[in-house]
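Here's the structure we're looking at; comments come further down.
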Amino acid sequence: MNNTILLIEDDPGVLENLKVLLIQEKYNVITAVDGYEGVVEAKKHIPDLIICDILMPKMNGYEVLKTLSIDSRTDTIPFLFLTAKTDIGDIRKGMGLGADDYLIKPYDIDELLNAIDIRLNKFLKIKGNQLDHLEEKTNEKGQLSENERIFLTVNNKPQFIKIKLITHIVAERQYTNLVLEDGTKILIRKSLSYWENILPDTLFVRIHRSIIINLDYVLKVEKWFKNSYKVILKDTYGCFIMSRRYASKLKNQF
């Protein structure tokens, strides 16, 4: 699958020329004509890399980077500034906000393509190894910390996901469905026992042979039929029957 690059540029000529160049290099290209639209497109498509101008209407490049940096879905996307601003203070500001590179207009095509290639290769190397090496980040119990992130593919886009944003996990044969805070479901070829072993037991509890829940999303626990219990999650995340063998883990907490 070709990598996707988001171009955020308010100059139509520059935007079109750069788009044509990247398409010729076999990249999928998404465009935005101002900073606000760029943020919307970044969160919608989760591109593999972002190239952004600085001086733009509605939201400048610094504001775009800052906004995307506080969203767990977009904060790890490689970010390149492409701008006519050459003051060293501007460059330091951009790099201080987390930009990965800073290229000056008029840019050298080979330099630009090389910068893209370097950042994408580094990013793809990380994403290629992350899920297979979760065990390297576990604690003495063999578990991840609750503030850990894992690399998963969401809507065909790989990205870092905070563990604490997983509301519950449901087994589906040899797969498991991870449900996120925003309602996104991620089907993964991992067993429920796998997740039970690596997720922190201070936050995640198995309540049924096919369900693990995040305690932070539990609204209440009610008595149910024949000494079983019903676990109701906050908002619209659902409710589940807790089997008696797991009841002792939760009934005294809620």
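Read-outs throughout are calculated quantities, based only on the coordinates presented, and are distinct from any laboratory measurement. Keep in mind that what you see is a predicted model, and the values were worked out from it rather than measured. All Cβ positions, glycine included, derive from the backbone under ideal geometry; neighbour counts span all protein chains shown.
In whole Hz and in residue order, list the ³J(HN,Hα) couplings for region 144-149 that follow from phi through the Karplus curve 6.51 cos²θ - 1.76 cosθ + 1.60, θ = phi - 60°; x for Gly and Pro.
Going residue by residue, I get 6, 7, 5, 9, 6, 10 Hz, with x marking Gly and Pro.
For L219, list long-range residues whose amide hydrogen, built 1.01 Å from N in the peptide plane, is under 5 Å from its own amide hydrogen.
Residues meeting the amide H criterion: I232, L233, K234.
Sorting I207, I109, I46 on the 10 Å Cβ count, fewest up front, what's the list?
Ranked by crowding around the Cβ, least crowded first: I109, I46, I207.
Tell me, what ³J(HN,Hα) does each residue in region 205-212 have, in order and in whole Hz, if you take phi through Karplus 6.51 cos²θ - 1.76 cosθ + 1.60 with θ = phi - 60° and put x for Gly and Pro?
10, 7, 10, 7, 4, 10, 9, 10
Just want the ordering: H208, H45, from fewest to most Cβ atoms lying within 10 Å of their own Cβ.
By the 10 Å Cβ count, ascending: H45, H208.
Quick check: net charge around D75, other residues with Cβ under 13 Å of its Cβ, Lys/Arg +1 and Asp/Glu -1?
Its environment carries a net charge of +3.
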